[in-house]
1. Suppose the filter is modelled with pLDDT of 90 or more, part of a helix (DSSP H, G or I) and touching a helix residue (DSSP H, G or I) at 6+ places or on another chain (Cβ under 6 Å); does ILE101 pass it?
2. Do you know which residues across region 77-91 are more than 16 Å from ARG183 (Cβ to Cβ) and in contact (Cβ under 8 Å) with a residue 12 or more places away in the chain?
3. Listed residues ASN139, ASN193, ASN187; which is modelled with pLDDT under 90, surrounded by 13 or more Cβ atoms within 10 Å (Cβ to Cβ) and either over 13 Å from the mean Cα position of the chain (by Cα) or in a helix (DSSP H, G or I) (or both)?
4. Here's a check for you: in region 1-23, which residue that is part of a loop (DSSP other than H, G, I, E, B) and polar (S, T, N, Q) is modelled with the highest pLDDT?
5. Six or more apart or on different chains, Cβ under 7 Å: which pairs go from a residue in region 98-112 that's more than 15 Å from TRP173 (Cα to Cα) to one that's surrounded by fewer than 17 Cβ atoms within 10 Å (Cβ to Cβ) and not polar (S, T, N, Q)? Could you list them?
6. Does region 60-84 hold any residues that are charged (D, E, K, R) and either modelled with pLDDT under 90 or within 17 Å of the chain's Cα centre (by Cα) (or both), and which are they?
7. Report the residue count in region 6-47 for those that are surrounded by fewer than 10 Cβ atoms within 10 Å (Cβ to Cβ) and of a type in the set (A, V, I, L, M, F, W, C).
8. Scan region 83-98 for residues that are farther than 12 Å from LYS31 by Cβ, of a type in the set (A, V, I, L, M) and surrounded by 15 or more Cβ atoms within 10 Å (Cβ to Cβ) and jot them down.
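The values are calculated or read from the model by the stated rules, or taken from the named source; none is laboratory data. Just so you know, these numbers come straight off a predicted model, no measurement behind them. Cβ placement follows ideal geometry from the backbone for every residue including glycine, while neighbour counts extend to all protein chains displayed.
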Amino acid sequence: MNEDVETNGIDLKTFKEQKKYRCLCGCLHIKNGAFLMSLWAALLVFLNITVKIIGFTETDWNWMFLFLITDGVSVLSLIYGIKSEKPALIQPFVVLSILTISLLFLLVIFFSTAIVDQESYAGHYIETEFIRKTFKNFNRFSSTDIQHEIKISAIVYVSFLSTIALLHIWFSWISFKCASFYRDCENFCLNKNEMHE
């Protein structure tokens with residue numbers, strides 16, 4: 001009998017409504033919170049596809065397509081796993097989120113070097129990829145102006161990437177808690193059946 005799941009004197013409905021299965025400061029049940037989060041993730045995948053089709057990004061279509069397919073499959077698996085109450089289908093999203101979080105933190109570290117040293121590789125990358133393409137009168141800027149633009153741009157990138165990484169951590173945690181909830185429900189039902197035998 002699983003000791004993590006207490007079955008003494010409570011039914012399944014009462015078990016599911018325990019406080020430990022709530023998220024967003026107790027406002028939502030973990031299943032509803034995970035479903036809302038999965039809809040948000042699906043919207044982000046849809047917006048990324050739309051941005052790519054419209055042509056706002058210059059990323060090579062093959063790489064972008066690969067990432068969008070991977071994200072799309074993991075989000076669909078997440079949605080289906082939440083709706084069908086199968087924790088194994090939630091795992092691909094959690095694994096992909098862990099990989100995404102790792103890459104985002106590497107990017108944060110990369111762009112942080114441009115905040116400290118504008119002559120770093122990241123600083124030159126920001127200068128060539130963003131500032132020169134954004135400003136048409138780039139030649140009129142002094143080197144001090146360019147240094148300030150690099151630093152400000154790096155701060156914006158680090159802030160944005162850190163926020164996205166924190167959102168991914170939060171989404172992963174909610175997904176993990178939802179999968180744990182489904183496993184606990186399965187264990188609860190198994191323990192109840194063992195007690196009746």
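1. Yes, satisfied.
2. SER77, ILE79, LYS83
3. Step by step, each of ASN139, ASN193, ASN187 is checked, and only ASN187 is modelled with pLDDT under 90, surrounded by 13 or more Cβ atoms within 10 Å (Cβ to Cβ) and either over 13 Å from the mean Cα position of the chain (by Cα) or in a helix (DSSP H, G or I) (or both).
4. The selected residue is GLN18.
5. Matching pairs, first to second residue: LEU104/ILE164.
6. Correct list: ASP60, ASP71.
7. Total satisfying the criteria: 2.
8. Selection gives LEU89, VAL94, LEU96.
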